[in-house]
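The values are calculated or read from the model by the stated rules, or taken from the named source; none is laboratory data. Since the structure is predicted, the reported quantities are computational estimates derived from the model, not experimental observations. Reconstructed Cβ throughout: ideal geometry from the backbone, glycine too, with neighbour counts over all protein chains shown. Each accessible area value is taken on the protein alone, full model and side chains, heavy atoms only, with ligands, DNA and RNA left out. Shrake-Rupley method; radii C 1.70, N 1.55, O 1.52, S 1.80 Å.
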Amino acid sequence: MDGNQGDAEDELPSLLWGLDPVFSAYAQLYIKDILQMRESQQVPGIYFYKTHPLFQVDVLGTVVYRKERDDFYCYGVDDSTGVINCLCWKDENLQDLRDSLTGDKDPTGDGFNIEEQLRKLLEAQRISTVVEIGDLLRVRGSLKTSREQREITASLFYKVNDPVMSMQISRMLEMPQLYRDCYDKPFHVPSTELSASSTDPSSFQCILAQAVYILKEFLKEKEVTRFRPYDVEYLLHPLIQQPSTDTSEEQEPGSLQSTVPSQIRNLLKETLKILQVEGEIFRKVLSQDEVYNVTEHDKDLLAAICDILREDCKVEKYAEKGCHVLHILSSVRQRYSRNLNKEALDVVLKFLECNSEIISTSDAHYTIL
Amino acid sequence: MLPAAAVFHFPWEISSELVTDGASIRTFGRLSKYLPEESKAIITSHHASVEYQVAVKTTFVEPFAPIIGAQYTVLGEIEKSEGDGEVVVHARVFNCVDGVDVALLQKAVNEQRKFFRERDGEAGTH
């Protein structure tokens with residue numbers, strides 16, 4: 001396993017490929033480069049141009065080879081740097097449709113005949129997909145290697161009408177710029193402050209997701225109603241490895257406190273931020289004392305919302321349809337906490353509805369049961 | 001089997017040592033003469049106030065309707081004869097592109113060459 005680790009390490013882990021915009025685009029590469037790219041060791045069918053993982057390309061070139069088979073064409077496309085085979089499937093549906101349309105020509109010949117127009121459209125489509133040697137062809141598709149030969153399986157292909165070479169020239173002028181601005185620039189995984197200090201750039205997102213999960217589970221299991229950050233900080237300790245713990249002898253609690261890396265506090269801060277955005281927790285009052293209420297376990301909040309609904313649903317205006325979410329939000333902000341966000345309200349309403357205390361009458365209206 | 005890639009060359013480079021016998025190339029020029037009985041066409045172009053002629057063998061692209069005086073692009077293989085050193089491009093593709101902006105085309109070819117020179121130079125130094 002150690003033998004090929006060198007190469008595999010050059011590759012970005014496949015989990016992060018989606019972060020590279022080149023991955024989900026049709027890369028406009030020189031055919032020479034397409035033929036020389038190295039295939040991924042993790043996933044066959046994915047290729048690397050420098051550090052960019054990709055599998056879809058977009059080429060424009062002269063057709064120099066052509067072979068027709070029963071259900072597809074093979075075109076050799078030459079962009080003056082290389083020649084690549086493009087597999088272009090024939091559209092059978094189109095063929096059937098075309099066959100069904102021929103024969104019944106409109107005898108009157110005047111006015112707008114939709115069949116006639118459709119026939120013309122299909123004819124235009126047919127002309128642009130029938131390509132002879134010497135024509136200019138544009139192909140978009142995914143790459144594959146079959147019988148040691150790299151080829152493009154076209155998802156889109158058409159003949160380009162380029163009588164004065166303007167398309168070819170503009171592409172030739174554009175591509176060096178595209179390479180300099182994009183493909184030749186190494187792709188860096190967007191990293192946060194924390195991951196910059198750790199060796200693996202991928203670890204932070206991973207740890208953060210674990211931290212959010214751990215905290216959620218803890219709050220649910222212990223039915224925590226409110227907490228302060230330092231109450232839960234210890235939960236995250238296992239996530240951040242402390243290099244000194246293995247080698248050095250046991251430290252006093254006091255000194256351990258001071259050696260807790262800022263990483264843990266940072267991680268906790270990010271985790272709490274996510275939980276707030278999701279509405280799982282909220283701060284009733286913004287003060288020096290950083291207290292977080294757990295939305296679902298805040299009995300006062302639940303009672304306040306039930307009260308609001310009970311009272312307001314008696315009002316004629318809301319009697320039939322119930323109260324709108326935004327109305328509940330503004331009432332609960334006046335009555336309970338100015339700091340409650342919409343997400344937290346959604347969490348409470350969902351919770352109350354699960355407990356059959358309230359019921360939704362539409363997407364955004366609730367009434368008391 | 002796929003043919004080799006036809007690299008862009010300017011007409012004034014065709015007879016030079018840069019272009020070897022059998023190489024696949026593409027170039028351009030104005031069609032000045034067509035001799036159907038010999039399957040031979042002559043395309044001409046000007047560069048630095050010198051006129052350059054490129055002979056094109058048209059056996060693969062016949063029949064075609066020649067427009068004398070129009071710009072053409074040719075894509076094919078170089079054939080150098082032993083004796084008089086005459087260079088002929090055996091055309092696989094011979095397209096009329098009258099109206100092409102030749103100056104811009106030259107610029108585009110030069111940009112592409114410059115890009116590859118820079119990139120390959122970079123890779124060489126590392």
Note to self: Take the conditions open to solvent by less than 30 Å² (accessible area, probe 1.4 Å), out of contact with any Pro (no Cβ under 6 Å at 6 or more places or on another chain) and either touching a residue at least 40 places away in the same chain (Cβ under 8 Å) or within 14 Å of chain A (Cβ to nearest Cβ) (or both) and apply them to B:SER39. Does it pass?
What the structure shows: no
Note to self: Any residue in the stretch B:1-17 that is free of Cβ contacts under 8 Å to residues at least 24 places away in the same chain sitting within a Cβ distance under 8 Å of a residue that is aromatic (Phe, Trp, Tyr) and open to solvent by 60 Å² or more (accessible area, probe 1.4 Å)? List the pairs, counting only those 6 or more apart or interchain.
What the structure shows: none
Margin query: Return the residues of the stretch A:300-354 that are among the small types (Gly, Ala, Ser), surrounded by 14 or more Cβ atoms within 10 Å (Cβ to Cβ) and at negative phi; say none if nothing qualifies.
Written below: A:ALA304, A:SER331, A:SER337, A:ALA344
Checklist line | Subset tally (residues that are away from chain A (no Cβ under 11 Å) and in contact (Cβ under 8 Å) with a residue 60 or more places away in the chain) for the stretch B:86-95 | finding: 2
Notebook entry, point to check: (1) buried (at least 21 other Cβ atoms within 10 Å of the Cβ); (2) away from every other protein chain (no Cβ under 12 Å): which one isn't true of B:GLU79, the others all being true?
Noted result: (1)
Next item on the list: Determine which single condition B:PHE60 fails, assuming it passes every other condition in (1) open to solvent by less than 40 Å² (accessible area, probe 1.4 Å); (2) within 14 Å of another protein chain (Cβ to nearest Cβ); (3) within 21 Å of A:VAL83 (Cα to Cα); (4) not hydroxyl-bearing (Ser, Thr, Tyr).
Entry: (1)
Note to self: Would you confirm, using the coordinates I've provided, whether A:ILE127 is open to solvent by 50 Å² or more (accessible area, probe 1.4 Å), in contact with a Lys or Arg (Cβ under 8 Å, 6 or more places away or on another chain) and not in a helix (DSSP H, G or I)?
What the structure shows: no
Check: Take the residues of the stretch A:173-189 that are touching an Asp or Glu at 6+ places or on another chain (Cβ under 7 Å) and within 8 Å of chain B (Cβ to nearest Cβ): which is most open to solvent (accessible area, probe 1.4 Å)?
Finding: A:LEU173
Notebook entry, point to check: Using beta carbons and a limit of 7 Å, which pairs, at least six apart or on different chains, have the first residue in the stretch A:65-78 and without any contact (Cβ under 8 Å) to a residue 60 or more places away in the chain and within 19 Å of A:GLU92 (Cβ to Cβ) and the second one aromatic (Phe, Trp, Tyr) and surrounded by fewer than 19 Cβ atoms within 10 Å (Cβ to Cβ)?
Noted result: A:ASP71/A:TRP89; A:PHE72/A:TRP89
Item checked: Extreme residue, nearest to the other protein chains (Cβ to nearest Cβ), among residues of the stretch A:27-80 that are part of a strand (DSSP E or B) and of a type in the set (D, E, K, R) -> A:ASP78
Item checked: Members of the stretch A:262-302 found to be of a type in the set (Gly, Ala, Ser), under 19 Å from A:ASN341 (Cβ atoms) and more than 26 Å from the chain's Cα centre (by Cα), listed by number -> A:SER287
Check: If only one of B:ASP98, B:ASP21 is surrounded by fewer than 15 Cβ atoms within 10 Å (Cβ to Cβ), in contact with a strand residue (DSSP E or B) (Cβ under 8 Å, 6 or more places away or on another chain) and within 14 Å of another protein chain (Cβ to nearest Cβ), which one is it?
Finding: B:ASP98
